[in-house]
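Everything on this sheet refers to the single structure shown next.
The values are calculated or read from the model by the stated rules, or taken from the named source; none is laboratory data. Small disclaimer: the values here were computed from a predicted structure and weren't measured. Cβ: placed from backbone, ideal geometry, glycine included. Neighbour counts: every protein chain shown. In case anyone asks, the SASA skips ligands and DNA or RNA and just uses the protein heavy atoms, side chains included. Shrake-Rupley method; radii C 1.70, N 1.55, O 1.52, S 1.80 Å.
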Amino acid sequence: METTTGRFRAAVREWAADGAEASEAAEVARALAAGTELRTAVLVEGVSDHVALDALAARHGRSLDAEGIAVVPLGGATNIGRFVHLLGPQGLGVPLAGLCDAGEEGHFSRALEREGLGHDLARADMEPLGFYVCDADLEEELIRSLGAEGVQRVVDAQGDLRAFRIFQKQPAQREREVERQLRRFMGTISGRKSQYARSLVDALDLAEVPRPLDRLLAHVSASAAAN
């Protein structure tokens, strides 16, 4: 049976896409937002970010869906403005949080500013609003936290070590540090980022979780409890 957060996530994405089913999806999103089960919407760039956040919650014995926390992949950071407008204080009024890469920080800060949530927002200003920035992206954060050797053990456990060794021998990769090779390797096949988002989070020492991911989970937990 589909969860409230799953239905909300699907409806909001359809609404934001502004296609033929947008009006119907908007009504579904409004009804769910008006209910008591949905507590927070977390806006993330892609599916791998969603997977990582779910995996971290599971490491703590929790389920974001069960807590009414809907993680919504944007399909790219440039879509953030549309989602904040629909869901934020000028839209459905759903409590918001989010996660983005360093290169997309400007898109997120400007979207929040346009909705009246601050002015000239720097990274430190975004965090009290529940928005956190990875440096440089989530894959880099996870690789740095786990270490190159630890990540390669995960790659081996996933059955990808031989493919990674072949990848390392490519002319464009030979002079790169192994951390950069690993980060690039995870983006070479569709679905691999999501696969490794989960497996790397599962392999982490919980004392070494990347700060943006750790703080985001703590923030949405507090927000959900307050609502």
Exercise. Given [x] 68, 43, 32; [y] 53, 41, 38; [z] 57, 49, 33 as candidate values of Cα extents along the principal axes in Å, which corresponds to the one derived from the coordinates?
Worked result: [y]
Exercise. How much accessible area does Thr78 have with a 1.4 Å probe, in Å² rounded to the nearest 10?
Worked result: 100 Å²
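Remind me, relative contact order of the chain in percent, using alpha carbon pairs under 8 angstrom and six or more residues apart?
Relative contact order here is 22 percent.
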For this session: Could you tell me the distance between the Cα centroids of segment 1-62 and segment 159-189, to the nearest Å?
Result: 34 Å
Problem set entry | Rounded to the nearest 20 debye, dipole of segment 96-147 from Cβ charges on Lys, Arg, Asp, Glu | 140 debye
Problem set entry | Where labels lie 7 Å past Cα in the beta-carbon direction, separation of His60 and His119 in nm | 3.4 nm
Exercise. Put Arg176, Arg215, Arg144, Arg192 in order of accessible area, largest first, 1.4 Å probe: what do you get?
Worked result: Arg144, Arg215, Arg176, Arg192
Exercise. Counting only protein chains, not ligands or nucleic acids, how are Ser190, Ser223, Ser63 ordered by accessible area (probe 1.4 Å), most first?
Worked result: Ser190, Ser63, Ser223
Seminar exercise, completed: If the chain between Arg198 and Ile166 were fully extended at 0.36 nm per residue, the gain over the current Cα-Cα distance would be 9.2 nm
Problem set entry | Helix 148-157 axis, angle to the chain major axis (alpha carbon atoms, nearest 10°) | 90 degrees
Seminar exercise, completed: For segment 99-186, the charge dipole (Cβ of Lys, Arg +1; Cβ of Asp, Glu -1; about the Cα centre) points to a positive end, and the Cα of Cys100, Gln181, Leu129 closest to that extreme belongs to Gln181
Problem set entry | Förster-model FRET efficiency, 22 Å R0, Ala34 and Glu2, C-beta, rounded to 0.05 | 0.75
Exercise. Mean residue ellipticity at 222 nm from the helices of the chain, using -39,500 (n - 2.57) per DSSP H segment of n ≥ 4 over the full residue count, to the nearest 500 deg cm²/dmol?
Worked result: -16500 deg cm²/dmol
Exercise. Quick one: helix 22-34 against the long Cα principal axis of the chain, what's the angle to the nearest 10°, folded into 0 to 90?
Worked result: 80 degrees
Seminar exercise, completed: To the nearest Å², the heavy-atom accessible area per residue of segment 1-156 with 1.4 Å probe amounts to 43 Å²
